[in-house]
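Please read the structure below before turning to the comments.
Read the figures in this text as sums done on the coordinates, not as results from a lab. Keep in mind that what you see is a predicted model, and the values were worked out from it rather than measured. Glycine also receives a Cβ, built like all others from the backbone with ideal geometry; neighbour counts cover every protein chain displayed.
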Amino acid sequence: MTLAALVLVLGSAAVHALWNALLADADDTHATTAVMLVSGVVLFAPVAALTWDVDGAALPYVLASGTLELVYFGLLATAYSRAELTFVYPVARGSAPVIVLFVSVAALGIAVSGLQAAGVLVVAAGVLLVRGLGRGRGADLALALAVGACIAGYTLVDDHGLEHADPIPYLALVLVVAALPFAAVVGPAAMRAALSRRAVLAGAMMFFAYVLALAALQRAEAAPVAALRETSVVMAAIGAAVWGRSKVPATRVLGAALVVGGVAAIALG
């Protein structure tokens with residue numbers, strides 16, 4: 001991997017962790033999510049128009065991915081309204097590649113290497129440390145895992161959808177499918193109350209993180225890029241431990257690091 005690709009992918013990871021931190025810190029996570037989505041659509045529109053290349057065959061994938069994104073953002077907003085960033089983020093991000101691997105094995109008959117199998121076990125151990133070894137928090141864990149399942153779902157859909165469209169206009173359409181019903185349910189009054197520079201900035205970061213990831217993929221193979229992007233999990237945990245409002249247990253930071261290591265093994269295996 002070149003130095004340029006490394007900088008781009010680490011930048012994407014950092015920006016992704018930052019917009020999640022901004023969302024998790026919001027007073028009304030659902031209304032803030034609606035503002036973010038609408039901001040993302042507005043920001044994507046000019047770039048999507050300039051790079052427009054979408055075949056009709058992409059539309060079923062756009063609708064499927066947009067529906068999954070709608071559920072994803074709803075679950076993510078609910079999870080952040082109940083639990084801390086350092087709990088939700090590692091579980092959601094770490095479980096998604098594991099779910100993708102299981103679906104690929106079960107549905108497509110793809111063989112699993114020893115390194116990938118070990119990666120699954122390491123991710124599971126990391127999730128246990130993030131959750132804590134005591135009882136409780138089952139509902140929060142279920143929410144975070146559901147977020148991970150949505151990530152896995154739209155990842156698998158997008159893998160096929162992007163065969164029929166350029167990435168930026170494809171994602172713009174996906175965001176429209178997710179943003180319109182989400183904003184309609186939240187309502188204009190709640191969105192006006194949540195409208196702030198932080199919310200719009202989070203929407204811009206959501207867009208920028210994706211652009212940086214695309215730029216990295218143009219310069220390096222997908223597997224190392226995917227693995228390095230998961231460093232956002234550790235960035236979020238360390239950032240919350242240093243600058244967060246509440247104390248983050250050392251075991252949770254260690255769990256986040258294990259999740260990253262396990263995902264890297266899955267991606268590179």
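A few comments on the model shown:
- Per-peptide packing, taken as the mean over residues of other Cβ atoms within 10 Å, places 113-125, 199-211 in the sequence 199-211, 113-125 from highest down.
- Across Gly40, Gly66, Gly56, mean-square fluctuation computed from a Gaussian network of the chain (C-alpha pairs under 10 Å connected) peaks at Gly56.
- Entry note, the chain: the mean residue ellipticity at 222 nm calculated from DSSP H runs of n ≥ 4, each adding -39500 (n - 2.57), is -28000 deg cm²/dmol after division by the residues and rounding to the nearest 500.
- Phi angles of the stretch 3-8 translate, via the Karplus equation with coefficients 6.51, -1.76, 1.60 and θ = phi - 60°, into HN-Hα couplings of 4, 4, 5, 4, 4, 5 Hz per residue; Gly and Pro are given as x.
- Relative to the current alpha-carbon distance between Arg197 and Leu50, full extension at 0.36 nm per residue lengthens the span by 50.3 nm.
- Top of Leu129, Leu173, Leu59 by mean-square fluctuation, Gaussian network on the chain, Cα under 10 Å: Leu59
- Once C-alpha pairs closer than 8 Å and six or more residues apart are averaged by separation and normalised to the residue number of the chain, the relative contact order reads 43 percent.
- Global geometry of the stretch 173-220, whether rounded, prolate or oblate, following the gyration tensor of its Cα atoms and the 1.5 cut on a/c: oblate
- Taken about its Cα centre, the chain carries a charge dipole of roughly 980 debye when the Cβ of each Lys and Arg holds +1 and the Cβ of each Asp and Glu holds -1.
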